[in-house]
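Report on the following structure.
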Amino acid sequence: MAAQSDRKPVLWQIEVSHFSEKARWALDHKEIDHARRTGVVFHMMSALTELGMLGVTAVADSPAEADALFRRAEQVLLEEAAAPPESALPPV
């Protein structure tokens with residue numbers, strides 16, 4: 001396993017974030033080799049139990065890719081939240 005100092009920093013890019021852009025500029029300016037990643041970030045987890053709401057942000061290289069990631073995450077969440085079929089319920 002590589003030592004912590006041997007690992008390449010990872011920048012999770014968020015299209016509309018000035019922070020991500022400033023972090024990328026700083027890494028480039030200091031000539032720090034880094035990796036950039038995309039994916040889905042869940043936030044507002046505490047609102048799930050109180051309000052039944054969850055924050056989802058899709059991070060990708062283009063708006064179309066972010067939209068596809070978001071829609072896939074939404075589909076999976078809705079499928080997992082769906083009630084099981086009647087036959088799967090234990091007898092009462």
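Quick check on region 32-39. Is at least one of its residues aliphatic (A, V, I, L, M), modelled with pLDDT of 85 or more, over 11 Å from Leu11 (Cα atoms) and not assigned by TED's automatic domain parsing to the domain that holds Leu78?
So the first thing to find is which residues in region 32-39 are aliphatic (A, V, I, L, M), and the list is 32, 35.
Then drop every residue that is not modelled with pLDDT of 85 or more, which leaves 32.
Within this subset, residues satisfying the condition of being over 11 Å from Leu11 (Cα atoms) are 32.
Applying the additional criterion that residues be not assigned by TED's automatic domain parsing to the domain that holds Leu78 yields 32.
Yes, region 32-39 has at least one match.
So in region 64-92, with the set limited to residues that are surrounded by fewer than 10 Cβ atoms within 10 Å (Cβ to Cβ) and under 30 Å from Leu11 (Cβ atoms), which one is modelled with the highest pLDDT?
Let us first name the residues in region 64-92 that are surrounded by fewer than 10 Cβ atoms within 10 Å (Cβ to Cβ), namely 64, 78-92.
When the remaining residues are screened for being under 30 Å from Leu11 (Cβ atoms), the result is 64, 80.
Details: Ala64: 91, Glu80: 81.
In this case the residue turns out to be Ala64.
Scan region 50-63 and give yes if some residue there is out of contact with any strand residue (DSSP E or B) (no Cβ under 8 Å at 6 or more places or on another chain) and modelled with pLDDT of 85 or more, otherwise no.
yes
Can you tell me which of (1) surrounded by 11 or more Cβ atoms within 10 Å (Cβ to Cβ); (2) modelled with pLDDT of 80 or more is the one Glu21 doesn't meet?
That leaves (2) as the condition not met.
The values are calculated or read from the model by the stated rules, or taken from the named source; none is laboratory data. Since we're looking at a predicted model, the values are computed, not measured. FYI the Cβ positions are ideal-geometry reconstructions off the backbone, even for glycines, and counts take in every protein chain you see.
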